[in-house]
Every structure is written in C-alpha cells, then in structure tokens.
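Heads up, the thing below is written out as structure tokens.
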Amino acid sequence: MKKVSSLRNKTLYQLKNYLIEYGLEVVGHFKSDNNDKALLGVSTVILIGPSEPLFWKIFCKSIEYLDGKENPLDRWSKRVITKISKKIDGKAFFPFGEHVWPFYSWAIKCVDINSSPVKLLVHNKKGLFISFRGALGIPDIIENEKIENSCVNCHKPCLTACPVNALNENEYDVAKCKSHITSHSGQECQSGCIVRKSCPIGSDLRLPEQSNFHMKSFVKDLV
C-alpha cells in the first residue's frame, strides 16, 4: 500500500478529472480500520458528492433524467460512479439500493464533515447542503489534516429555522416535516429546506431547481 499525505497522488488527480466531467467532486475521505470485511483491500474511502451548481445542469442532460423512469438520480449515480471506479481500480459504494452503506457514520470520520446542532451532517464548505452520490474505496492511504469544525464559532441559526419546529436539537419529526411541506403554508420549503438554507456556509451553491427535485422525492411516499 502506498501512503500519501494529501489528495495530490496520481490516482486521486485522475479521479478529480473523471469526477468533474460529471459535475461531481471529493467531499471527504477517511482511512479504513480494516475491521470491516466488506472493505477488504480498501485503505481509504472517498465520499463523492455534487459539485454545485455545475452538477445539476450536467445531470439534467443525462439519459436517466430524461427517460421518465423511477429514481433517475440514483440510477445515474450508480452508472457514473461504477464507471469511474473501474477506471481507477477502486470499489464503488452507494447510500441507496439493495445494500445501503453507512454513509452517515462514514462521513463523521472525515475531517471536513461534522454533526450539526440539529444532527444533520454539515460540511466545512457546503454547509448543511452536503450530500453524497456514492463513495470509492482505494488501496492508497490518505492522511487527514485537522480542520476546525465550522459550527464552533457559528450563531447556529439552524436551531430555530424550521417554521414548525420539526427539526431541532432534540428530534427530527419526519411526519410533521412532510405534512408541512405539502401544505399551502409550506411552499417556501418546497424550494429547499429552510433549516439547510439557514446555514451561513454553502447555502448559495445549490440551485432552487435541484432543491425542488429533492423535496419532491422526499415527500412522494407521504401517506
């Protein structure tokens, strides 16, 4: 196994170029502790997310987005990230499908990502709009560098942003959240979660069209 101290080794330089073609980027990484047999041969897990706002325009031109079938974003993500994994001899992992990998606990292991005051993941550059389309496992060891948690000196507007208090420091009432979003008074939430948008970091990166897409997917199973 080759040990590197940053994301500048050959494999990851190539990976960055492959990802940007699809509007994706590395949003975090962590070293595998070798206790998980499913990660056998993997020394570093690299989390992949949208490079916004570039990502949305690229995805909207894809076959999956235009074919009218179910789960276009998941299908696109699986196709693209699996293809990239083969180019770098890596392993692809996804937060959806038959085997849902533990992306939340993986993310917490990354220095760029922490748990926010409302327990949503928060990224040092993307704020509460951090999201994952998949992950890649590689044999190289990549050391993490210490980064200060972005919430430390924040006035934490996320704690009081939800108009119906469905999301706070104590709980996330999913039913109340969905009920409000689909009501007349919840129209503002339909263009993006107000709690996520309250974060002073990264809230200007995601396009309203993309947020609307995600919110529709979120509430479609409301009974």
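Which ones in the range 176-206 are part of a loop (DSSP other than H, G, I, E, B), touching a helix residue (DSSP H, G or I) at 6+ places or on another chain (Cβ under 7 Å) and surrounded by fewer than 18 Cβ atoms within 10 Å (Cβ to Cβ)? Outline the logic, then answer.
Taking the range 176-206 and keeping what is part of a loop (DSSP other than H, G, I, E, B), we get 182-183, 192-193, 199-206.
Narrowing further to those that are touching a helix residue (DSSP H, G or I) at 6+ places or on another chain (Cβ under 7 Å): 182, 192, 199, 203.
Hits for the range 176-206 are Thr182, Ser203.
Take the range 207-216 and flag every residue that is in a helix (DSSP H, G or I), in contact with a helix residue (DSSP H, G or I) (Cβ under 8 Å, 6 or more places away or on another chain) and open to solvent by less than 60 Å² (accessible area, probe 1.4 Å).
Gln210, Ser211, Asn212, Phe213, Met215
It is to be established whether one or more residues within the range 180-189 are farther than 25 Å from Val26 by Cβ and under 21 Å from the mean Cα position of the chain (by Cα). Step through it out loud before you land on a result.
First, pick out the residues of the range 180-189 that are farther than 25 Å from Val26 by Cβ: 180-189.
If we keep only those that are under 21 Å from the mean Cα position of the chain (by Cα) too, we end up with 189.
Yes, the conditions are met somewhere in the range 180-189.
Starting from the range 140-156, take each residue that is part of a loop (DSSP other than H, G, I, E, B) and list its partners that are among the hydroxyl-bearing types (Ser, Thr, Tyr) and surrounded by 14 or more Cβ atoms within 10 Å (Cβ to Cβ), counting only C-beta distances under 8 angstrom and pairs at least six apart or across chains.
Within 8 Å, the pairs are Asp140/Thr11; Asp140/Ser43; Asp140/Thr44; Cys151/Ser116.
For the range 148-158, what are the residues that are surrounded by 13 or more Cβ atoms within 10 Å (Cβ to Cβ) and either modelled with pLDDT under 90 or in contact with a Cys (Cβ under 7 Å, 6 or more places away or on another chain) (or both)?
Within the range 148-158, the first condition is being surrounded by 13 or more Cβ atoms within 10 Å (Cβ to Cβ), and the residues that meet it are 149-151, 154, 156-158.
Scanning the range 148-158 gives Asn149, Ser150, Cys158.
Rundown of residues vs (1) more than 26 Å from Lys125 (Cβ to Cβ); (2) charged (D, E, K, R); (3) open to solvent by less than 10 Å² (accessible area, probe 1.4 Å); (4) at pLDDT 90 or above, yes/no style:
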| residue | (1), (2), (3), (4) |
| --- | --- |
| Lys10 | no, yes, no, no |
| Asn17 | no, no, no, yes |
| Ser32 | no, no, no, no |
| Ala38 | yes, no, no, no |
| Pro50 | no, no, yes, yes |
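Being open to solvent by less than 70 Å² (accessible area, probe 1.4 Å) and within 16 Å of Gly49 (Cβ to Cβ) narrows it down to one of Ala135, Ala161, so name that one.
Numbers: Ala161 fails: within 16 Å of Gly49 (Cβ to Cβ).
Result of the check over Ala135, Ala161: Ala135.
Tell me which residues, restricted to the range 11-29, are more than 12 Å from Leu136 (Cβ to Cβ) and out of contact with any Leu (no Cβ under 6 Å at 6 or more places or on another chain).
If the condition is that a residue be more than 12 Å from Leu136 (Cβ to Cβ) and out of contact with any Leu (no Cβ under 6 Å at 6 or more places or on another chain), then Tyr13, Asn17, Ile20, Glu21, Tyr22 are the ones that fit.
Take the residues of the range 62-89 that are within 12 Å of Glu21 (Cβ to Cβ) and open to solvent by 20 Å² or more (accessible area, probe 1.4 Å): which is modelled with the lowest pLDDT?
Restricting to residues being within 12 Å of Glu21 (Cβ to Cβ) and open to solvent by 20 Å² or more (accessible area, probe 1.4 Å), the top hit is Lys87.
The values are calculated or read from the model by the stated rules, or taken from the named source; none is laboratory data. Only a predicted model underlies this, so the values are computations on that prediction, with no experimental measurement involved. All Cβ positions, even for glycine, are placed from backbone atoms using ideal geometry, and neighbour counts span all protein chains on display. Remember, those area values only see protein heavy atoms, side chains included, never the ligands or the DNA or RNA. Shrake-Rupley method; radii C 1.70, N 1.55, O 1.52, S 1.80 Å.
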